[in-house]
Structures are given as C-alpha cells and as structure tokens.
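A short write-up of the structure that comes next.
The values are calculated or read from the model by the stated rules, or taken from the named source; none is laboratory data. The structure presented is a predicted model; accordingly, all values stated were derived computationally and were not measured. Cβ sites come from the backbone with ideal geometry, for glycine too, and all protein chains shown count toward neighbours.
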Amino acid sequence: MTDTWLVIVALAAGTFAIRLSGILIGQQIPKDGAWARGLRALPGCLIVSLVAVSVLSGGVREWGAGLVAVAVAIVSRNVPVTMAAGIAAIWLLRQVGN
Amino acid sequence: MTAPRDAWTGAREIVPLALGVAIYGLAFGLLAAQAGFGGLQVGVMGGIVFAGGSQIIASQQLVAGAGAVAAVVAGLALNLRLLLVTASIREVYAGRPWWQIALGAHMTTDENWALMLAQRAKGRHAGYWYLVGGGLCLLLVWCLATVTGVLFARAIPEPKALGMDFAFTAAFIAIARSLWKGRRDKLPWLTAVAVVAAAIKLGGVAPSWALILGGVAGAGLAGVVHDD
C-alpha cells in the first residue's frame, strides 16, 4: 500500500517541521517584555488546556475522576500517585454507572 | 560529562508515563491493523512521526475512509500544539549544534516536556539531556508497544475498559500542580479553561483547536497583564 507509506512520510515530515518551527520562532521572541511573559506562562496554560479538553470531552464520571485527581495532586504533588488515583477513580465510577 | 547521567535520569523518571504510553501503543496497534498498516509500517511510523495522538487520528481517518490527505491534515492539526510546546522551552535548545537541535526537536513530546518543567518547578536540575533521555525512553516504548499491538491485534483490551484513558489526564493534573507558582497564575489558567470550555461547548470547535486557543489565550493574558 503506497498510500499508507505516503501518509506516514507526510505526517512525519509535517510533524518534524512543526517541532522545529517552534524552536526557531521561540528564539526570535525577545527575552523580556510582554511576549516573554506570555511565553513563560505558556506551558502552564497549555497543560491546563490539555486537562480541560480531556475532562470536558467526557461526562459526569470524567468530571468526578478529575476532581479526585486534583485533590490527590494537591496533597501528594506526585505524578505516579495521582495517575493511580485518577485511573482507580474513573474505573470505579464507570463500574457504578453501568 | 553530565549528559549521560541527565539522560538516564530523564529516562528513569518518565517510566510511570511510559507505562501509559505502552497501553496506548497496544491500542494504537489494534487500530493500525484495521487501517491496513503492517508491522514494519507501524514501527517506522512510531519512530519517525513519534506523536501518538496524531498517529491515532490519522489512522481513524483512514479506517473511516476519509482518504490520505484528510488523514495527514487531521494528524498535523493535532500536532500544531507542539509548536507552542517547543517554543515555550526555547532556552533548552539555545546555542546547541544543529544536530542537537534536530534531535531535541524530534524527542520533544507532551509527556517529557511537561515532566521536565515539573522537575524544574521543584527546583531540580532538568535540561536538554533530561528531555532527550525521557524522549528516547518514550520512543522505544512507543515503537515496541505499537508493533506488538499490530502483531497481536486480537488479544488487546480497550484502554477505556481499564480506565487507562484517564492516565494522562491525571498525570497532567499532577504536573499542573507542580507548575503552579501562586496567585499570578490564577487569571491566565482560568482564562485558558474558560476559553477551552466555550470553544468546545458553545463554539463546537474541534478539541485540537480548542486546546491551542486555550493555551494561547491564557499566555496572551499573562503577557498583557503587568505583574512582575
């Protein structure tokens, strides 16, 4: 299937170009001022948006498990512990719901 | 030479996230088999694309019969966020030779980027080689898992049935907690969430774009508001 190989190569080339462009654009942005402040705030805002997209794309159970994960994250400040709590919470909520 | 040690630390600390990646890799292999990919193709794809979400979306488009162009466009739209990801850690690549910039660019994913930032927020040293080490570990796990998935497609359970679809959401919640630097983050973060919610619930915007809108809106607000 040549079509499949074309998809693979095009997706790879495009994705690499995107990753590299970010670095090149980032180097052009000034070291202080409004743009630099925005860029410093970008990681947190992007991660919060990632979480919001995945929780909002779900239903009440995802909201519930999200709240459990937030509570565990605040107390534990630990990635694996929060992952385990989140997975357990969503699994339990789905058992109850069905 | 701290490079090998940093890379090893990065590889070791990414392991919990790599376990989530492995489950997704198996599930992606199942989908890739339906989309008509062979084992070699899936292995090469994982190695040279190395962006799981976009591989999943592109394959879904192929399975749905949308065609090769639509598959590539959907995958790249999801990956546009990586432009913001690499731009946000520009100093990590600054002043490095071209091959390290190219390697670092390819090795940057949501998971090792976010983990590196979380370690830094805790005051630990985590730089270029920490990022690359984590990326190499993820690349290896992703390729192995996806090829295993395509070869043993019938025996793989759905991640959702195990609650594993929530693994990354929970991980990013914990990472956001580490990045929280106090009150000045409140307004930008609330803005990001509000924009994502409005885009998805009111605007009917696709998740790939809602994510970018939210991130840019929050960061833009932080840039405009003077508080440092």
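Details
- Considering only residues in the stretch B:66-115 that are over 14 Å from the mean Cα position of the chain (by Cα) and among the aromatic types (Phe, Trp, Tyr), the one that is farthest from A:Ile8 (Cα to Cα) turns out to be B:Tyr93.
- Residue in the stretch A:30-41 that is within 7 Å of another protein chain (Cβ to nearest Cβ) and touching an Asp or Glu at 6+ places or on another chain (Cβ under 9 Å) present: yes
- Within the stretch B:176-228, considering residues that are assigned to a loop (DSSP other than H, G, I, E, B) and more than 30 Å from B:Ile57 (Cα to Cα), the one modelled with the lowest pLDDT: B:Asp228
- Residue check for A:Val51: part of a helix (DSSP H, G or I), in contact with a helix residue (DSSP H, G or I) (Cβ under 8 Å, 6 or more places away or on another chain) and farther than 23 Å from B:Leu82 by Cβ: no
For every residue, the table says whether it meets (1) hydrophobic (A, V, I, L, M, F, W, C); (2) touching a Pro at 6+ places or on another chain (Cβ under 8 Å); (3) within 27 Å of B:Ala153 (Cβ to Cβ); (4) without any contact (Cβ under 8 Å) to a residue 40 or more places away in the chain.
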| position | (1), (2), (3), (4) |
| --- | --- |
| B:Asp6 | no, no, no, no |
| B:Ala71 | yes, no, yes, yes |
| B:Gly75 | no, no, yes, yes |
| B:Leu82 | yes, no, no, yes |
| B:Trp99 | yes, no, no, yes |
| B:Ala114 | yes, yes, no, no |
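- Counted residues, the stretch B:82-131 - those being small (Gly, Ala, Ser) and outside any helix (DSSP H, G or I): 6
- Considering residues of the stretch A:67-84 that are within 7 Å of chain B (Cβ to nearest Cβ) and assigned to a helix (DSSP H, G or I) only, the residue surrounded by the fewest Cβ atoms within 10 Å (Cβ to Cβ): A:Ile74
- On the stretch given as the stretch A:42-65, residues that are more than 7 Å from every other protein chain (Cβ to nearest Cβ), of a type outside the set (D, E, K, R) and closer than 12 Å to B:Phe166 by Cα total 3.
- Selected residue (only one of A:Leu24, A:Leu6, A:Leu93, A:Leu39 is in a helix (DSSP H, G or I) and under 21 Å from the mean Cα position of the chain (by Cα)): A:Leu39
- Pairs, first over 19 Å from B:Ile175 (Cα atoms) in the stretch A:26-51, second in a loop (DSSP other than H, G, I, E, B), C-beta under 7 Å, six or more apart: A:Gln27/B:Ala94; A:Trp35/A:Ile29; A:Ala36/A:Ile29; A:Ala36/A:Pro30; A:Arg37/B:Asp228
- Of all residues in the stretch B:148-179, those satisfying the criterion of being within 14 Å of chain A (Cβ to nearest Cβ), touching a residue at least 24 places away in the same chain (Cβ under 8 Å) and of a type outside the set (Asp, Glu) are B:Val150, B:Pro159, B:Leu162, B:Met164, B:Ala167, B:Phe168, B:Ala171, B:Phe172, B:Ala174, B:Ile175, B:Ser178, B:Leu179.
- The stretch B:63-80, subset more than 7 Å from every other protein chain (Cβ to nearest Cβ) and assigned to a helix (DSSP H, G or I), residue surrounded by the most Cβ atoms within 10 Å (Cβ to Cβ): B:Leu78
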